[in-house]
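Chemist: Structure below; questions to follow.
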Amino acid sequence: MLLLALAACGTRHGVPYTDTAAQVDDTPHLTFLAVDNALGKVTRVDTRNVATWTAPLGLGGLRDLALVDEDTVLVSSGEGPVWLSLVDGSVEAALTGFEDVQTARPLPDGHVLLGSAATEDGDVVTFTELDAGGGIVGTPLVLEGYSDLRLARVLDDGNLLFTGGRDGWHVFEVDATGAEVWSAPLPGKGYLAERQADGTTLATTGEDVRVISLAEDGTIARQWGGKDADPVLAEEAFFSGFDAVNADHVLVADWHGHDLTQGGAHAVLYGADGARAWAWEDSDFVQITNVLVLEAVDVEALTP
């Protein structure tokens, strides 16, 4: 099957991009970043094998990805934030020496927000703002009663959205004081939640292997994947980070759980009907914890 991809312009995560016109087979035109937590590296993947690179950072706990501008991506490591060039993967800056960092988000003033969770301290999550030199700005926000923080997102109003544990798995939203203003239960261990323009919230569900869309009342309005809908998924499949390519298509990382030998796709693209449209697997990778789409061309044509 031959698909015609038309050139288009737009933004991804607030950063401009241009789709390049081309013709391809069943492989979509996708350019994305992939974090391999097990091997401590970040790779730029281009399904056309153009402008790819790998950054072996040698740091543990790589999880979060965020575009800072059209040339730079922010990566979280367990020791602190790292800024990489999108051109060649070179390290532009790094702030290390921190502990148990799970997430890092760029702020409009050039500062960075770190989210950390230390299991030895019990159910405590801490958010700390750093300036460009690594100095702490203000007083860290300490939240008690939350466990298993992974990725967090800073919403337009300054509230924080994150997944975690408390009598089961949930998505939580807190304000600048730490007061909880919204929550919704998840059917599995959440890794990432992102608020959409229409007020819904997308979230992964870990071993439940779905990306779900939560309505404002917390009910599941839509889903992508799931073992019933996608029986190709391995027994130990575990959905961690994801990126919404558009309103209907989602690229999700399959972390593969703690079984490093099972194989299978490292990332799966789901279409408008929630079914698998395409999958990516590469023997050079072990555990992909997160993905960030930089460019996508006519993925709609891949929907079964």
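Chemist: Which three lengths, in whole Å and largest first, does segment 3-302 cover when its Cα atoms are put on their principal axes?
Modeler: Each principal axis gives a Cα extent; for segment 3-302 these are 53, 41, 39 Å.
Chemist: Within a 10 angstrom radius of the beta carbon, how do T200, T289, T126 rank from fewest other beta carbons to most? Can you show the working numbers first?
Modeler: Working: T200 15, T289 25, T126 18.
So the residues, fewest neighbours to most, are T200, T126, T289.
Chemist: Residue farthest toward the positive end of the dipole of segment 3-302, with Cβ of Lys/Arg at +1 and Asp/Glu at -1: which of P28, A221, V42?
Modeler: P28
Chemist: Then there's this: If you filter segment 55-94 for GluC sites (Glu not before Pro), then keep DSSP loop positions with at most 16 other Cβ within 10 Å, what is left?
Modeler: When the GluC sites (Glu not before Pro) of segment 55-94 are filtered for loop state and at most 16 Cβ neighbours within 10 Å, E70 remain.
Chemist: Which one of A55, A118, L107 is farthest out on the positive end of the charge dipole of the chain, using unit charges on Cβ (Lys, Arg +1; Asp, Glu -1) and the Cα centre as origin?
Modeler: Of the listed residues, the answer is A55.
Chemist: Continuing with this model, one more query. Which net charge results when you count Lys and Arg as +1 and Asp and Glu as -1 among the other residues whose beta-carbon is under 12 Å from that of V291?
Modeler: -2
Chemist: Quick one: dipole size for the chain, taken about the Cα centre, charges +1 on Lys/Arg Cβ and -1 on Asp/Glu Cβ, in debye to the nearest 20.
Modeler: Dipole size: approximately 260 debye.
Every read-out reported here was derived from the displayed coordinates using simple, explicitly stated rules and does not represent laboratory data. Here the structure is a predicted model, which is why all the values come from computation and not from measurement. Positions of Cβ are backbone-derived with ideal geometry, glycine not excepted, and every protein chain shown enters the neighbour counts.
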